[in-house]
Each structure stands twice: as structure tokens, then as C-alpha cells.
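Before any comments, here is the structure.
The values are calculated or read from the model by the stated rules, or taken from the named source; none is laboratory data. The model shown is predicted, which means the values in this text are computed figures rather than measured ones. Because the Cβ atoms are built from the backbone with ideal geometry, glycine has one as well, and the counts that use them run over all protein chains shown.
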Amino acid sequence: MATTAVTSAEIASEAPRSDFGRVLAQRERRFAAALLAPAFLALLATTTFPLLFLVYTSAFRMDLAMPFTNGFVGFENYQVLLSDERFWTSLLVSLVYTGSTVALQVIIGLALALLVMDMKRGQGWFRVIAILPVVLSPAVVGMIWRTFMLAPEFGIVDFLAINAGLGSKNWLGDPTLAMVSVIAIHTWQWTPFAFMVLLASLASLPEDIYEAARLDRASAWQRFRRITLPLLRPAIVMVIIMRTMVALTAFAAIFTVTAGGPGTATEILNLYAYRKSFTELSIGYGSALAVALLIVTIIISGILFAMRRAK
Amino acid sequence: MSGQGQVSFRNIVKMHGEFAALKGVNFDIKPGEFFALLGPSGSGKSTTLRILAGLDAPTAGRVLIDDKDVTSTDARDRDIAMVFQSYALYPHMTVAENIAFPLEMAKLPKAEIAPAVKDAARKVKIDHLLDRKPGQLSGGQQQRCALARAIVRKARLFLLDEPLSNLDAKLRLETRAELKKLQRSLGVTAVYVTHDQEEAMTLADRMAVFMSGEIQQVGTPAEVFARPNSIDIAGFIGNPPMNLVPARYVDGDVIIAGHRLKTTTTTAGERDVVAGLRPGALRMTEGGLGARVDLIEDLGDTAALDLDCAGTMIRMRVADGNIPGEGDTISITARPQDIHLFDPATRMRL
């Protein structure tokens, strides 16, 4: 009898308390939503809306030079795009540019990180100096390279080439050399990022497992292959993902150095979309190109993320 | 066994800048021996092990393994297996891959690796965990995995750096016994670093006791226990530790707290000494040294008494059923051969 009485009393007191709790939780959620709203709206206005507007624009013919031809065209821009040889060339240039710069950044960055890890003194200085290119604006980097480094006869690189007996080269005028140059510039600027991330990751690896590996008779190369690389894998994949997304949408450095030239030798997809929109003033078709770039970026990062999860 | 496993240290000195971690260490380990390096933290025992493994280079002196000078030989080429205090398992590999790693590095054919891994895992009872990663194992299981990785290769020397210190008390006792059996069955030379004198006493065939960068005594646990070389070792070995009380030596007798006791030690004339009395060597008797019982710690089958002998604190261990009450006054003595005398200036045994 006594126990039943206690139980029912408990139930009676519990019910209103949980009701009260629910009201509180609801209020808390509403307050949280109110706090989030400004940021959420700002984000919508500055990212989602322009993106949707871009997709919308790509369905129109919008030619500022010939406004009388403007109007809704549906998928026509995309049909043109698929048979546009310059689109395919610029896509290929984008992929070559991205693939080679990301690969170079990871390889050079990892090599530097391994080297600096073994430095007993001056590690701090090395880090400070190494990070400098990253903090520069890509446009500034492009200007520095075009004038100070690559200018014929007077640029440092050309000066070194002459002294090395290679002779003066037209670094930005020759199609192949121009591509090599823009790849080198991007790699120069962004390798420190890969270097810093990989160095931090390397520094967090426990030292004792390397001692264990030495006693297990692993050579330096085997220690690198069997222990360092697998343990750095998450960091390397992360660097690849982040750098790939940035390289696919690179713009300022190439724009200031070659502006896509000579001809279309260094015209990545991003630059082609820009040229179409703002040089040729064909906004509708430029939007379609930008959407194509967006799709390519999404597909590639989707593949990279899938690889990251797959392990 | 790919070798004999005989070790000699000749005047090994290790400097860290101005600080001498090892001040000229000499010892020999016989093949097949279980040899413990015992000492408090910072005494140089781990440094000694690292120099033996080849992970650190000595500042001076020579290391010989099987009569070959290996002082400048890399750790890779010394044919030594080691269990680290932190276990140092490869976190990205499964237990099986961890154990297989030394064999793969030795370029053993795949067909031989799998059975060897199974065999080693079975010896340390982790053959059901082969597919797990170290992060999914308990501390004790990780420790066994590290052991398996060390024994799988059949190296000539087996080094253990405080392998039990990260285990809980019960597991430590179990593993201690298993470790001894394992070493016996493998017949391998083992060098064991520990700061726990009980571990060293129970495991070791012989041990070296380190004090501030020097070896103060080498011997079997029984020898070191029965005849500690110095005040520091006397205070370090044995639980509860030896009573070390100021006393005066007069013609074969020693005067402690005003009471005269016979000793077997003979030294010239009359002098101040430190007398060492093991708690378990003290006896209650008539007409001995008077002492008041301050505190009793009942340990079940024995009890530890804190005694006040005219201002000098002495601990005594008595068997159950023979325990006086707190506040009682009793009279104690020790046999002449159980009284250790030390020089208070040099801190060495007289």
C-alpha cells in the first residue's frame, strides 16, 4: 500500500516538471534560433543567393555588347559550352594546373617538414620565413614574379638561367614556359601552408615508436614508408583537399602574371569564365562556365572526401 | 637464439651538458640471466638501458655484447628487442601487424611470419585480439602486445624498461610472475629496469643498484638484501625499509638509545656509526632496548609497529598473535649478525 502511494505521488510530481522542462527547452531553442538568424541571413545573402542567381543567369542570353539579343534560352548556353573547344582546353589547363601544384606542394612541403623536424636550431626562424609568401596577396605575388623574378635579362630567374648557360628565356611569352611559370608561382606561394600543416602533424607523432622501429631493425626509408606516411595520411589528405579546392579556383596570380596568355596557354577555367563575362561582356555564357567550374569542383572534392573516408 | 646475450659495460659515462647522468658504470651480465637495473628515478638506470639498446650514445666508455665492441653500432644492428615503458606500439597497425613488423623488417618470408606471430601472441595470451588496433586495447593488453613484438624475433637480448609501471596493482603481480616464466622458457638474457625494489627482488637473478649515476652494488637480491653496501641501498631495499638510527660503536658493541647491543662488526676503537636494523629482524625480549608502542598497523598476517625508543623512532614487524597494545612499553633486541653498521661520513658499510 505504502509503496503504491509513494509511486503515484512521484508520478504526479514528475508530470508537471517535465512539462515545464519542455517549455524551457522550446524557449531555449527559439532564443538560439534568434541569435543565429543574423549570421544565417548574411550567409544566405552573400553566398547562397549569388550562387542561385548565377545558375539563374546561366539560363539567359545576357550580352552587354548586344543587349537586343538578350532573353531566356534554357540550356542553350550549356549546349554551346559542350562543343566549345576553348572550354575543354581551359578545363584541361585547370586540371593540369591543380594536379601539378597540389602534388608539388605536398611533396616539397613534406620534404621541408621532414628536414626542419631534424633541425636542432633555427626552427622558429625557418617557420617565420617560410610563412611569408602565404600572407602576401596572390596579386602582389604575381606582380613580384612578373617583374622582379621573370622579367627577361633583369629578373632573378632569367639572370640565373643566363648564368647557368641556358640563355635568356621568354618565361611568360612561351606557352609551355608560361604554364611552368604560373605553376611554379602558385607552388612557391602555397607550399609553406602544406609545410606548416605537415610539420605540426609530424611534431605530434610520438618519438618512442621511432625508437621501437629502430630496434625492430627498420631502415630510415622503412620508418618513413611504414610509420611516418601512414600516420601523416589524414593530414596529407586534408592538405590535398584544401589546396585542390583553392587551386581549381585560383585567379589573381595568373591574372596578374599572364592574364591567361600567351593566347590561352595559361587560361584556367576560372579565368575563361572571367574573360567571357567581363572582357567579352557575355554574362550569360560566363555564368554557365562558372557553373561548370562549380560542378567540376564539387565532383573532385566529392571524390577526395570519399577517398578520405575509405581509408 | 641468434646470439649468446652476454653484456659488459666498461666505464660508461653519460653527460647531459654539465650534468653527469652516469659517472662511470661497470657491470657484466651473463648469458641467460635475468638482470635488473634498480634505482630511484633519476639514478641513471634508464639511461643505462638506452645506451645498451643503442638509442643513446655514451659520452665515454665501451659497451660489449658477446665480447664485441658495439659502442658505435646503431640500434638496428645490435639484435636487441625492447619493451618500452609506454609500450610504443604502432598506432596505425593491428596487433598482428605490430607483432609481425620486426619479422617483416628482417625480410622473413610471409609464410613463416603468420605462424610466428600466432605463436608469440599465444605465449602472452592475446591471440584472440590480433585484429584489434592498439587504441582498442586495455593497458594490460597493450603491454602484452609489446611483449609479443619483442619476443617474436628471438633477439639475443631482451630489454624491459619499467614494463609493469603502467598496470594496476593486481595485474602487475600477475604479469610479474608470467614475465619470469616467459624469460625462463625462452632462455633469453633479459635486462629489466625498475624503481620498484620488490619487482627487482622477485624477478632478478642478479641486480645492479643505481644511486645518482653510479652503481653502488651488484649482486643477487638475497645478497643485496642481506648485506647492503651503503646507507642509501639499506634504506631503499626492503619493505618496510631498514631502520637507520644514529648509534655509537664501542669495542664490538653498539649503543642505540642508551642500550648496548652485541654486533659481529669489528672496527677500530670508539666512533659514531649509523646502525641499520631490519623491521623483521627485531625481536621482543626481556631486558632489551626499551620502547613504547606508538602506532600499530595491522597487515593481517603481520603487523608493523612504530616504536619510540627514548626519542628514536624504530619500525618493527611482528607476526600475528604476538602483538602488544598501543601505548604498551616493550623491550626489543636484535641478533648480532642482524645489526648493520655504516659510516655516517662516507655512508658506506663498515
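Can you name the number of the only condition in (1) part of a helix (DSSP H, G or I); (2) of a type outside the set (Gly, Ala, Ser); (3) farther than 24 Å from residue A:149 by Cβ that residue A:186 fails? All conditions are met except number (3).
One residue stands out among those in the range B:85-104 that are surrounded by fewer than 21 Cβ atoms within 10 Å (Cβ to Cβ) and within 28 Å of residue B:29 (Cα to Cα): the one that is nearest to the other protein chains (Cβ to nearest Cβ), which is B:86. Taking the criterion of being outside any helix (DSSP H, G or I) and in contact (Cβ under 8 Å) with a residue 12 or more places away in the chain, would at least one residue in the range A:143-152 satisfy it? Yes: the range A:143-152 contains one or more residues that are outside any helix (DSSP H, G or I) and in contact (Cβ under 8 Å) with a residue 12 or more places away in the chain.
Each row is one residue, and each column tells you yes or no for (1) out of contact with any Gly (no Cβ under 9 Å at 6 or more places or on another chain); (2) modelled with pLDDT under 90; (3) surrounded by 18 or more Cβ atoms within 10 Å (Cβ to Cβ).
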| position | (1), (2), (3) |
| --- | --- |
| A:103 | yes, no, no |
| A:109 | yes, no, yes |
| A:124 | yes, yes, no |
| A:149 | no, yes, yes |
| A:168 | yes, yes, no |
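Listed here are the residues, each with its yes/no results for (1) within 14 Å of chain B (Cβ to nearest Cβ); (2) of a type in the set (Lys, Arg); (3) buried (at least 19 other Cβ atoms within 10 Å of the Cβ).
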residue: A:177; (1), (2), (3): no, no, no
residue: A:186; (1), (2), (3): no, no, yes
residue: A:190; (1), (2), (3): no, no, yes
residue: A:199; (1), (2), (3): no, no, yes
residue: A:226; (1), (2), (3): yes, yes, yes
residue: A:268; (1), (2), (3): no, no, yes
residue: A:272; (1), (2), (3): no, no, yes
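Among the conditions (1) part of a helix (DSSP H, G or I); (2) within 14 Å of chain A (Cβ to nearest Cβ); (3) exposed (fewer than 15 other Cβ atoms within 10 Å of the Cβ), residue B:114 misses just one, which is (2).
When the range B:39-76 is filtered for residues that are assigned to a loop (DSSP other than H, G, I, E, B), more than 14 Å from chain A (Cβ to nearest Cβ) and over 21 Å from the mean Cα position of the chain (by Cα), the ones remaining, listed by number, are B:58, B:59, B:66, B:67, B:71, B:72.
Taking (1) modelled with pLDDT of 90 or more; (2) of a type in the set (Ser, Thr, Tyr); (3) part of a loop (DSSP other than H, G, I, E, B); (4) surrounded by fewer than 21 Cβ atoms within 10 Å (Cβ to Cβ) in turn, residue B:8 satisfies each apart from (3).
The residue that is nearest to residue B:153 (Cα to Cα), among those in the range A:208-224 that are more than 9 Å from chain B (Cβ to nearest Cβ) and under 32 Å from the mean Cα position of the chain (by Cα), is A:223. Would you mind stating whether residue B:148 is within 14 Å of another protein chain (Cβ to nearest Cβ), of a type outside the set (Ser, Thr, Tyr), touching a residue at least 12 places away in the same chain (Cβ under 8 Å) and surrounded by 23 or more Cβ atoms within 10 Å (Cβ to Cβ)? Answer is yes for this residue.
Condition check: within 14 Å of chain A (Cβ to nearest Cβ), assigned to a loop (DSSP other than H, G, I, E, B) and surrounded by fewer than 15 Cβ atoms within 10 Å (Cβ to Cβ). Does residue B:125 satisfy that?
Working: within 14 Å of chain A (Cβ to nearest Cβ): no; assigned to a loop (DSSP other than H, G, I, E, B): yes; surrounded by fewer than 15 Cβ atoms within 10 Å (Cβ to Cβ): yes.
Taking the combined requirement at face value, the residue does not satisfy it.
Restricted to the range B:290-346, and to residues there that are under 12 Å from residue B:277 (Cβ atoms) and of a type in the set (Val, Ile, Thr), the residue that is surrounded by the most Cβ atoms within 10 Å (Cβ to Cβ) is B:339. So is residue A:233 under 30 Å from residue A:302 (Cβ atoms), without any contact (Cβ under 8 Å) to a residue 24 or more places away in the chain and in a helix (DSSP H, G or I) or not? Against the criterion (under 30 Å from residue A:302 (Cβ atoms), without any contact (Cβ under 8 Å) to a residue 24 or more places away in the chain and in a helix (DSSP H, G or I)), residue A:233 qualifies. As a summary of the residue check, residue B:79 satisfies the conditions (1) surrounded by fewer than 23 Cβ atoms within 10 Å (Cβ to Cβ); (2) more than 14 Å from chain A (Cβ to nearest Cβ) except for the one numbered (2).
Here B:208, B:177, B:200 are screened, and the one residue that is in contact with a Phe, Trp or Tyr (Cβ under 6 Å, 6 or more places away or on another chain) and either assigned by TED's automatic domain parsing to the domain that holds residue B:337 or not in a loop (DSSP other than H, G, I, E, B) (or both) is B:208. Beta carbons closer than 6 Å, at least 6 apart along the sequence or on distinct chains, pair a first residue in the range A:199-211 that is small (Gly, Ala, Ser) with a second that is crowded, with 16+ Cβ neighbours inside 10 Å for A:201/A:232; A:201/A:235.
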